[in-house]
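Here's the structure we're looking at; comments come further down.
The values are calculated or read from the model by the stated rules, or taken from the named source; none is laboratory data. Because the structure is predicted, anything quoted here is derived from the model rather than measured. Neighbour counts run over all protein chains shown; Cβ positions are idealised from the backbone, glycine included.
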Amino acid sequence: MAKIFFYGAVSLDGYLSDVNDGLQWLFDTEVGDKLTTDAFLDTVETVVMGRITYEEARKYVQPLYPGKDVVVFTHNTNFDVQEGFAVSEDPVDYLRKLKEQPSGNIWVVGGVNLLKNIIIADLIDEWWIQIAPVLLGNGKRLFEQSEPAN
């Protein structure tokens, strides 16, 4: 059975992207170690993300995750994915089925809209979170603000 990982970076104040879903701040910042990222990538077979994250990442990285199966969730059934394929079915159902396959691990890249339901469904097996030394002030949070558990 595959494991599902979240591996990503947030700003010091907890944002995954800026208010416009932009990631420029992340690509302008050195986060982590390339060796750590490469070692992580060696453990995954499938890379999963939402359409907005895919479009943002392609601005900075091409080709996008060569040698990996890239799955992009979108409501647009005609969306063209250059390095993988688009999926319009429910991400939680899709990931549950994919996790049961005898294949490699799965990396959920983001974004926030995709992650919300995956978090609620408790599908993430391991969290790898890096903190970028940047204060965004506002944007899209990785975790919504909530009351602490008792």
(request) Might you let me know whether region 75-95 holds any residue that is closer than 24 Å to Asp18 by Cβ, of a type in the set (Phe, Trp, Tyr) and within 15 Å of the chain's Cα centre (by Cα)? (result) no
(request) Exactly one condition in (1) modelled with pLDDT under 90; (2) within 22 Å of Leu26 (Cα to Cα); (3) loosely packed, with under 11 Cβ neighbours inside 10 Å is not met by Thr77; state its number. (result) (2)
(request) Within region 110-147, count every residue that is under 18 Å from Met49 (Cβ atoms), more than 14 Å from the chain's Cα centre (by Cα) and crowded, with 17+ Cβ neighbours inside 10 Å. (result) 1
(request) Collect the residues in region 87-117 that are at pLDDT below 95, assigned to a helix (DSSP H, G or I) and either of a type in the set (S, T, N, Q) or under 13 Å from Phe6 (Cβ atoms) (or both), keeping them in residue-number order. (result) Val112, Asn113, Leu114, Leu115, Lys116, Asn117
(request) Please list, ordered by first then second residue, the pairs with beta carbon atoms under 8 Å, 6 or more apart or interchain, first in region 131-145 and in a strand (DSSP E or B), second among the polar types (S, T, N, Q). (result) Ile131/Ser11; Ala132/Ser11; Ala132/Thr29; Lys140/Ser17
(message) Just the residues that are buried (at least 20 other Cβ atoms within 10 Å of the Cβ) and modelled with pLDDT of 85 or more, please, taken from region 10-31.
(response) Val10, Ser11, Tyr15, Leu16, Ser17
(message) Looking at region 105-112, can you tell me whether even one residue there is among the aromatic types (Phe, Trp, Tyr), in contact with a Lys or Arg (Cβ under 9 Å, 6 or more places away or on another chain) and under 21 Å from Asn20 (Cα atoms)?
(response) no
(request) From Val71, Val61, grab the single residue that is free of Cβ contacts under 8 Å to residues at least 60 places away in the same chain, exposed (fewer than 14 other Cβ atoms within 10 Å of the Cβ) and within 15 Å of the chain's Cα centre (by Cα). (result) Val61
(request) With the condition kept exactly as written, say whether any residue in region 50-57 is surrounded by fewer than 18 Cβ atoms within 10 Å (Cβ to Cβ), within 14 Å of the chain's Cα centre (by Cα) and at pLDDT 90 or above. (result) yes
